[in-house]
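Q: Shown below is the structure under consideration.
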Amino acid sequence: MTGDAFVLGFQVTHMLIGSTTLLVFSARNGFFRGFRKVALNSLLIIISLFSTSNPAFSQSKKELERKKAQLHKDIEYTNQLLKQTRKNKSTSLNQLVTLNKKINYRTELIQTINGELTAVEGEISNVSGTIDSLNRRLNVLKVQYAEMLVAAYKSQGSMSQLTYIFAADDVQQAFKRIKYLQRLSAYRMHQRELIVSTQESLSGKKRKLQEEREDKTQLLVSKEKEKKELDQEKRQQVVMLNKLSSKEKKLRAELKKKQSQEHQLSARIEEIIRREIELARAQTRKQSGSSATASTSKNIPSKTEKASTPYVLSNTPETIRLSNDFESNRGRLPWPVEKGIISGSFGKHKHPVYRDVTVNNNGVNIASAAGAKARAVFEGKVTRVLMVVDKYAVLIQHGEYFTLYSNLESVSVKAGDRVSTKQVIGTVMESDSDGKSEVHLEIWKGSVKMNPEAWLAAR
C-alpha cells in the first residue's frame with residue numbers, strides 16, 4: 001500500500017467512525033450546487049437573527065418616556081400651586097396663568113403619548129414582520145434538515161460514502177471528496193444548532209410582541225384619561241375667564257401698575273449696566289495709557305478671546321473667565337428657585353385675558369410655592385441691591401453677563417458680595433391675592449436682553 005493510499009484509508013475510516021449518519025451524494029445529482037444553495041440560505045437566516053431589532057424605536061421610546069415623566073411632574077406641581085391659590089376663594093389672574101400652563105403641559109403630554117403610540121405600533125409591526133420571517137425560515141430549515149435525515153436513513157448500511165470516495169479517479173480527488181463529506185457533517189450539526197437558535201429567537205420575539213401590545217393598551221387607556229382631564233381643565237378655564245372678566249376694571253389697574261414698576265426697574269438696570277460699561281472703558285483707557293506694552297500684558301485678552309468676548313466689560317482675566325464659563329453653561333443654568341414653572345414668557349405677547357393688551361417681558365416669570373428662596377444661577381459679584389416700591393431686586397455680574405432677580409420680599413446679600421451657583425440671595429415675595437410666589441429673572445449680555453429660557457436647564 002502506498003503512503004497516500006494508507007492516509008486515504010485512515011481518513012475514510014475516521015470519517016466513517018465520526019459520522020453518525022450517511023448521505024448519498026454524487027457529482028451527477030448536483031451535490032455541490034445543492035450544498036452552496038443551502039449554505040447561502042443558512043447565511044441569510046443567520047444575518048436575520050442579528051438584524052431583527054430596531055434600536056431607533058427603543059431610543060425614541062426612552063426619550064418619550066423621560067419627557068412624559070417630566071410632564072407628569074410639571075402637572076403635579078401646577079396642581080400644588082392651584083391648590084394653594086384656591087385657599088383664597090377669590091379667582092386671580094395668577095390662577096388663570098397657572099391653569100393655562102397646566103393645560104399646555106397636559107396637551108404636550110397627550111402629544112407625547114401619541115408619539116409613544118406611534119413608536120410602539122412601529123415596533124409591533126417590526127416584531128410581527130420578524131416573526132413571520134423567522135417562521136418561514138424555520139420551516140425551510142426543518143424541511144432541509146428532514147430531507148437530510150431521510151437521505152441518511154436510506155443510505156445506512158449501503159456504504160454509499162465509501163462508494164463515492166473510492167469511485168474517485170485518483171487519490172487527490174478522493175481526498176477532496178473526504179473533505180466535502182467532513183464539511184457536510186459539520187454543516188449538518190450547524191443546521192441543528194441553527195434550528196434551535198431560530199426557535200429561541202422566535203420565542204423571544206413573540207414575548208416582545210406581547211409586551212408591546214400590552215404597552216399599547218396601557219397607553220391608549222392613559223391617553224383617554226388625559227383627554228378627559230384636559231376637557232375638564234378647559235371647562236375650568238372658561239369659568240375663570242368669565243369671573244376675571246367681571247373684575248376687568250380692577251385687574252387692568254393692577255396690570256398698569258405692574259407694568260409701570262417693571263418699566264422703572266428696567267430703566268434703572270439699563271442705567272446701571274451703562275455705567276458699568278463706561279467704567280470698564282475708562283479703566284481700559286487708563287491701562288492703555290499707562291503702559292506701552294499693554295498689548296502683551298497678561299491682563300489683556302488674546303485675539304481669540306477678544307473675538308469671543310466683544311464687550312468692553314471683558315477687560316480682565318477674571319471677567320473673561322466668568323464670561324466664558326457663563327456662556328459655556330447656556331442651556332444648563334440652574335433655576336433661580338428649587339421648584340417652579342414658567343408663568344410668564346420672554347418678549348412681547350398678548351395678555352392671557354385682555355387680548356387688546358400687549359405684554360413686554362424683559363425676562364421670565366417663574367411661579368413657585370409660597371416662601372420660595374431665590375438662588376443665584378451662576379457665580380458672580382453682586383452689583384446692586386435695588387428697591388422698587390416695596391420689592392427688592394438683586395443684580396449680579398458674571399463677567400460681561402448680568403442676571404437680575406426681582407419681586408423679592410427680602411434679600412440676604414449686599415453690593416460687592418461674591419456669590420456661588422445656587423447660593424440663596426433672598427426670599428420671593430408672596431402674592432396678596434393668591435398666596436403664590438413668583439420670581440422675575442432677567443439675563444443681560446452687556447446692554448442686550450437675552451431670553452432666560454434658552455439658558456436655563458431643562459426640567
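Q: Going through the stretch 321-361 one residue at a time, which ones are assigned to a loop (DSSP other than H, G, I, E, B) and loosely packed, with under 15 Cβ neighbours inside 10 Å?
A: Correct list: R330, G331, R332, E338, H351, R355, D356, V357.
Q: Restricting attention to the stretch 362-375, which residues are closer than 20 Å to L99 by Cα and assigned to a strand (DSSP E or B)?
A: Once the filter is applied, which keeps residues that are closer than 20 Å to L99 by Cα and assigned to a strand (DSSP E or B), the stretch 362-375 yields V364, N365, I366, A367, S368.
Q: Could you say which residue among G363, G416 is farther than 23 Å from S92 by Cβ and assigned by TED's automatic domain parsing to the domain that holds Q259?
A: G416
Every residue, every condition in (1) touching a Lys or Arg at 6+ places or on another chain (Cβ under 7 Å); (2) outside the structural domain of R384 (by TED's automatic domain parsing), yes or no:
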position: Y405; (1), (2): no, no
position: S412; (1), (2): no, no
position: I425; (1), (2): yes, no
position: S437; (1), (2): no, no
position: L441; (1), (2): no, no
position: M450; (1), (2): no, no
position: R459; (1), (2): no, yes
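Q: Okay, moving on. Would you mention how many residues in the stretch 369-426 are out of contact with any helix residue (DSSP H, G or I) (no Cβ under 9 Å at 6 or more places or on another chain), closer than 13 Å to P336 by Cβ and in contact (Cβ under 8 Å) with a residue 60 or more places away in the chain?
A: 5
Q: Here's another thing I want to ask about it. Identify all residues within the stretch 101-117 that are over 20 Å from the mean Cα position of the chain (by Cα) and either surrounded by fewer than 17 Cβ atoms within 10 Å (Cβ to Cβ) or within 12 Å of K227 (Cα to Cα) (or both); write none if there are none.
A: Result: I103, single match.
Q: To continue, here is another question. Look through the stretch 338-372, keep the residues that are β-branched (V, I, T) and in contact with a Leu (Cβ under 9 Å, 6 or more places away or on another chain), and return whichever of them is nearest to Y77 (Cα to Cα).
A: Top of the filtered list is I341.
Q: Among what's in the stretch 53-81 and is in contact with a helix residue (DSSP H, G or I) (Cβ under 6 Å, 6 or more places away or on another chain) and modelled with pLDDT of 80 or more, pick the residue that is farthest from E438 (Cα to Cα).
A: L64
Q: Give the residues of the stretch 198-221 that are among the polar types (S, T, N, Q) and surrounded by fewer than 14 Cβ atoms within 10 Å (Cβ to Cβ), sorted by residue number.
A: Of everything in the stretch 198-221, those that are among the polar types (S, T, N, Q) and surrounded by fewer than 14 Cβ atoms within 10 Å (Cβ to Cβ) turn out to be S203, Q210, T217, Q218.
Q: For the condition without any contact (Cβ under 8 Å) to a residue 60 or more places away in the chain and among the β-branched types (V, I, T), what is the one hit in V127, V150, V140?
A: Result of the check over V127, V150, V140: V150.
Q: Still on this model: Look at R281 and say whether it is within 23 Å of R384 (Cα to Cα), at pLDDT 75 or above and assigned by TED's automatic domain parsing to the domain that holds N365.
A: Spelling it out, it is not the case that R281 is within 23 Å of R384 (Cα to Cα), at pLDDT 75 or above and assigned by TED's automatic domain parsing to the domain that holds N365.
Q: A follow-up question, please. Just to be sure I understand, how many residues within the stretch 251-269 are of a type outside the set (A, V, I, L, M) and either within 17 Å of G363 (Cα to Cα) or not in a helix (DSSP H, G or I) (or both)?
A: Qualifying residue count for the region: 9.
The values are calculated or read from the model by the stated rules, or taken from the named source; none is laboratory data. Just so it is clear, the model here is predicted, and its values are computed rather than measured. Cβ atoms come from the backbone with ideal geometry, glycine included; neighbour counts cover every protein chain shown.
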